[in-house]
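The values are calculated or read from the model by the stated rules, or taken from the named source; none is laboratory data. Only a predicted model underlies this, so the values are computations on that prediction, with no experimental measurement involved. Cβ atoms come from the backbone with ideal geometry, glycine included; neighbour counts cover every protein chain shown. Just so you know, the surface numbers come from the protein's heavy atoms only, side chains and all, with ligands and any DNA or RNA stripped out. Shrake-Rupley method; radii C 1.70, N 1.55, O 1.52, S 1.80 Å.
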Amino acid sequence: YYYQKLVEKIRNYNGHQHIKSEFIDFFNDCFITEMCEICRPNDKNLTKEQHEEIESNIRKRLDWMRETNFFNQFKVVILACGPYAEAIKNDEVLRKDLFGEAFVVYCNQLSRWDKRLENKIPDIQRNLY
């Protein structure tokens with residue numbers, strides 16, 4: 001739901017709705033993937049071994065993403081994954097290796113609306129339109 005809400009806010013650029021949708025059409029304009037393929041409801045109360053497993057999984061995923069040219073073809077990349085994105089956020093070389101010249105936005109997971117994302121929407125729009 002919140003991914004669709006974000007897409008609708010982005011589409012409303014300079015007061016013009018670029019694409020009007022009455023149903024969820026997020027996947028017509030967007031691609032979504034996971035930084036970590038280990039499913040967990042949250043990171044609370046994880047053991048040291050579980051944290052290490054997650055970190056290892058993310059490193060492998062980043063290596064795979066780096067090897068492809070797929071992810072650096074986007075104009076805008078939204079990393080809605082909270083602390084999982086810290087390595088990318090803190091390493092400009094890694095960010096460029098993964099996403100090229102894309103405008104990268106960092107926010108929390110969109111299982112709920114991240115109010116800080118509201119401030120990024122005009123920048124996202126400028127990079128898209």
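So which lysines can residue 120 reach, going by Cα to Cα under 23 Å and dropping same-chain residues fewer than 8 places off? Partners found: 5, 9, 20, 75, 89, 96.
In whole angstrom, how far apart do the alpha carbon centroids of region 66-90 and region 45-63 sit? Computed from Cα coordinates, the inter-centre distance equals 17 Å.
Just check region 85-129 against the gyration tensor rule for me: Cα atoms, a ≥ b ≥ c as the square roots of the eigenvalues, rounded for a/c under 1.5, and otherwise prolate or oblate depending on whether a/b exceeds b/c. Oblate shape, in that a/c is at least 1.5 and b/c is the bigger or equal ratio. Of all aspartates and glutamates in the structure, the ones whose alpha carbon falls short of 14 Å from that of residue 60, not counting any fewer than 8 places away in one chain, are 34, 37, 52. Rolling a 1.4 angstrom probe over the chain with all protein chains present gives an accessible area of which 49% lies on carbon and sulfur atoms. In the chain, the DSSP-assigned H stretches of four residues or longer account for a calculated mean residue ellipticity at 222 nm of -12500 deg cm²/dmol, using -39500 (n - 2.57) per stretch and the full residue count as denominator. Put a dot 7 Å past each Cα toward the Cβ at residue 69 and residue 101; how far apart are the dots in nm? Between residue 101 and residue 69, the simple spin-label model gives 1.5 nm.
Considering only 93, 39, 106, the residue lying farthest towards the positive end of the dipole of the chain is 106, judged by Cα position with unit charges set on Cβ.
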